[in-house]
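Here is the structure we will look at.
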Amino acid sequence: MRHVGRTILTLAVFLFSCKQKSSAKSGGSYTISGKIEDAVPGEIIICRQQTMEGKPDTAIIAKDGTFTFKGTIDEPIFASIYFPTSVVESARQQAIGLFLETGDITITAKKDKLMEATIKGGVCNKELNEIMEMTKPLGSRMIGLSDSIKQFYAANNTAAATALQQEAIALETAQNKALAKHIKDHPKSYTAAYLAFQMNSYETNLDSAESAFVNMDASIQSSYYGKKLKAVIDALKSTAIGTMAPAFTVNDLQGHPISLASFKGKYLLLDFWASWCGPCRQENPNVVKAYALFKNKNFTILSVSLDEDKAAWQQAIENDKLSWTQVSDLGGWKSPTAALYNIQSIPSNLLLDPTGKIVAKDLRGEDLINELNARLK
């Protein structure tokens with residue numbers, strides 16, 4: 001899902017600026033000393049670096065509500081500190097967002113308001129606090145829009161949800177312009193590289209991503225976030241309109257391998273979705289309509305699900321009457337196929353011509369019908 005789930009809230013909650021000095025690396029040891037009001041002694045708290053490599057670090061809450069994390073880093077890296085869902089209801093789960101950087105970092109927070117934690121220590125976290133204060137009104141408005149949009153979708157009030165999405169997108173656009181300027185003004189900043197990666201992976205804008213990367217100092221280009229941004233650029237180039245769609249093979253519901261190459265000779269809509277994605281389910285009737293209109297005109301669909309639960313995936317296929325080929329590696333957002341196509345939000349689709357060349361992307365509603373009408377007369 002695009003609007004608030006993966007883009008707007010990510011940027012609203014974790015806006016920050018960190019100016020690094022001339023050194024390309026800022027590695028060493030860090031210590032995080034925290035205290036959480038209302039925490040239960042003996043509870044486990046988790047610290048996960050954004051690299052997602054290996055198991056996350058864990059600590060035990062002491063009798064006085066304190067905890068400590070220690071470790072080493074090669075360079076500043078974004079991390080989240082949170083309670084497992086076994087301790088906090090998933091609907092109420094929050095996280096403390098911060099940079100791990102060398103030195104001592106102190107955290108004070110309330111258990112049910114982790115996102116409002118006070119963080120002290122380190123240049124990055126100092127500037128994070130300043131930016132968070134400056135953007136608090138905007139963040140509050142975005143969160144309010146997120147809640148309202150979800151409620152309207154739940155009530156099947158698509159018109160109202162769409163109107164609020166347009167307002168949210170306008171706020172996001174204004175915010176992104178300011179962030180883009182910051183990124184351009186800070187070519188030696190690890191945090192600017194993080195922001196460039198976050199923005200351009202979600203927005204999937206090749207020109208913006210390349211501009212941000214070229215503007216980076218060579219030392220930042222070789223950093224973790226510089227490399228992540230370069231990977232986004234490579235994926236965008238490989239799936240740009242006019243390029244041949246990257247090959248893959250994924251199993252269908254019956255466990256049979258289905259290759260993209262087997263669809264050559266027809267126009268193909270490569271559709272990424274998931275059973276748990278509200279906007280995807282809202283869009284499915286339009287896709288069903290397109291299939292009914294054009295399935296006998298050298299056109300078909302291949303849907304790739306980002307589900308993890310096979311039963312839920314199968315039930316959604318039956319409920320939405322999706323009668324074309326369905327595949328999934330059941331990897332969720334870790335799906336290799338989604339990564340191959342740099343899918344950062346769903347629903348998302350690509351239209352391939354009979355040779356396998358990408359000729360259009362992200363066609364919705366009547367836009368999909370109109371594009372197919374123009375090509376399949």
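What follows is calculated from the coordinates using simple rules that are stated; it is not laboratory data. All values reported here derive from a predicted model rather than from experimental measurement. We place every Cβ from the backbone using ideal geometry, glycine too, and count neighbours over all the protein chains shown.
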(request) Run the quick spin-label model on Ser33 and Ser262: label points 7 Å from Cα toward the beta carbon, then report their separation in nm to one decimal. (result) 6.2 nm
(message) If I take every Cα pair under 8 Å that is 6 or more residues apart in segment 249-375, average their sequence separation and divide by the length, what percent do I get for the relative contact order?
(response) 34 percent
(request) Report the paramagnetic label zone for Leu293: residues of segment 356-377 whose backbone N is under 20 Å from a point 7 Å from Cα along the Cα-to-Cβ axis. (result) 359-377
(request) Have a look at Tyr194, Leu260, Ile149 and report the one farthest towards the positive end of the charge dipole of the chain, computed about the Cα centre with Cβ charges (Lys/Arg +1, Asp/Glu -1). (result) Leu260
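If you take the beta carbon distance between Asp353 and Thr118 as r and set R0 to 51 Å, what does 1/(1 + (r/R0)^6) give as a FRET efficiency, to the nearest 0.05?
On the way: r = 56 Å, r/R0 = 1.09.
Using R0 = 51 Å, I get an efficiency of 0.40.
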(message) So I have (1) 1.07; (2) 1.05; (3) 0.99, and one of them is Rg/Rh (Cα atoms, Kirkwood Rh) calculated from this model. Which one is it?
(response) (3)
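Please tell me the relative contact order of segment 31-125 in percent, rounded to the nearest whole number, where contacts are Cα pairs under 8 Å and at least six residues apart. Walk me through the numbers on the way to the answer.
Values: 202 pairs, mean separation 29.2, N = 95.
So the answer I get is 31 percent.
Work out, step by step, the length gained on full extension between Gln254 and Lys184: first 0.36 nm times the residue separation, then minus their alpha carbon distance; give nm to one decimal.
Details: separation 70, 0.36 × 70 = 25.20 nm, distance 4.96 nm.
Difference between extended and current length: 20.2 nm.
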(message) If I model a spin label as a point 7 Å beyond the Cα along the Cα-Cβ vector, how far apart are those points for Asn156 and Ala311 in nm?
(response) 2.5 nm
(message) Between Ser211 and Ser148, what's the calculated FRET efficiency when r is the beta-carbon distance and R0 is 30 Å? Round to 0.05.
(response) 0.35
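Run the numbers on the chain and let me know its relative contact order in percent, using alpha-carbon pairs under 8 Å that are six or more apart.
Numbers: 668 pairs, mean separation 56.5, N = 377.
Worked out over the chain, it gives 15 percent.
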(request) Tell me, rounded to the nearest percent, the portion of alpha carbon pairs in segment 137-238 spaced more than 18 Å apart. (result) 54 percent
(message) So the label point goes 7 Å from the Cα of Asn319 along Cα→C-beta, right? Which residues of segment 264-299 then have their backbone N under 11 Å from it?
(response) 275-278, 281-282
(request) Under 23 Å Cα to Cα from Lys264, which lysines show up? Leave out anything in the same chain fewer than 8 places away. (result) Lys237, Lys289, Lys295, Lys297, Lys357, Lys361, Lys377
(message) Compute the helix-to-body angle for 123-154: its Cα long axis versus the longest principal axis of the chain, expressed 0 to 90° and rounded to tens.
(response) 40 degrees
